[in-house]
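Heads up: the structure comes next, in structure tokens.
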Amino acid sequence: MVPVQLHEFNSQTRRKSDRYPVVRNGIFMIKSGELTYQDKVGESIILKSGDFLLYSSGDISKIDLSTSSGNFQAESLVIDVSVFQKFISYINTDDHFRSTRESFIFTQENTFIVKLLSLLREQLEGQPSPETIEFMTLAVLSEMVNQHQELLDFIHRISVLTISQQLIRYVEQNIASDLTIDAVAPKLGMSASTLKRKLQSDKLSFANLVKVKRINYAATQLRVTKKTITEIAYETGFKTAAHFSTTFKAVNGSTPKEFREQIQA
């Protein structure tokens, strides 16, 4: 699997509503317009056309888009946590500057990083090899840290997943599998009772988390593909289309058929 995904945004892009969102980390780039948000430490961050930075979606709040300088367009390179973990393993994290800052903005004047990002985007638009994409992403991170060594604190923090985040990530990557707490817990390096206890401390339920994640995935498939409802049911781990339809309605308030008809109307 390619460890970096390219996503595009504009003024009309609807923010995905997800009861159990997995934190996304990567590089956010403004192509036109302006974006203002509040970061983890409460600092107001303003990104203008051409600006980019490393981000973690869990740290962002109070988002505001401005199109006074043109229609808002942006791109996000969502980077798998394994790349950040590998980057940390390659360097000596004891020899860097500690910082209370969370956000470091780069501009088009950072020409070498801009060139690397351009090459990375070109690769992603084709049929890239995961190894090539990982190597290029590590090079981008290296140059960003070379400009702001304090970024190592940020990268180190986002490279460590909580148990709940690990579970959400595993469920998303294995959505069609037979997901039971007894089967999944060993994959996360713990017993079922330990996983259940840790989830309870976060006020989460394993069964409900899996159910909602499956329905969220199914809703996306209903929205963007022409697959049959039965195909989507099996792809999301349901044994029968009837069970899928009942569960889908319990979560979304409509059957899969009704949901698709509403979108197409």
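The values are calculated or read from the model by the stated rules, or taken from the named source; none is laboratory data. Just so it is clear, the model here is predicted, and its values are computed rather than measured. Reconstructed Cβ throughout: ideal geometry from the backbone, glycine too, with neighbour counts over all protein chains shown.
Annotations for the structure displayed:
- Look at the range 159-176: where a residue is among the small types (Gly, Ala, Ser) and a partner is in a loop (DSSP other than H, G, I, E, B), sitting 6+ places away or on another chain with Cβ atoms under 9 Å, you get Ser164/Tyr20; Ser164/Asp202; Ser164/Leu204; Ala176/Thr236; Ala176/Gly237.
- Condition met for Ser57 (among the polar types (S, T, N, Q) and over 22 Å from Gln123 (Cα atoms)): yes
- Taking the conditions (1) in contact (Cβ under 8 Å) with a residue 12 or more places away in the chain; (2) surrounded by 12 or more Cβ atoms within 10 Å (Cβ to Cβ) in turn, Glu231 satisfies each one other than (1).
- Top-ranked residue of the range 44-61 - restricted to ones that are within 24 Å of Thr162 (Cα to Cα) and outside any strand (DSSP E or B), ranked as modelled with the lowest pLDDT: Gly58
- Among residues that are over 22 Å from Gln165 (Cα atoms), at pLDDT 95 or above and among the aliphatic types (A, V, I, L, M), Ala242 is included.
- Scan of the range 179-206 for residues that are closer than 21 Å to Phe248 by Cα, modelled with pLDDT of 95 or more and surrounded by fewer than 16 Cβ atoms within 10 Å (Cβ to Cβ), ordered by number: Thr180
- Of all residues in the range 139-160, exactly one satisfies the criterion of being of a type in the set (A, V, I, L, M, F, W, C), surrounded by fewer than 17 Cβ atoms within 10 Å (Cβ to Cβ) and touching a helix residue (DSSP H, G or I) at 6+ places or on another chain (Cβ under 7 Å), namely Ala139.
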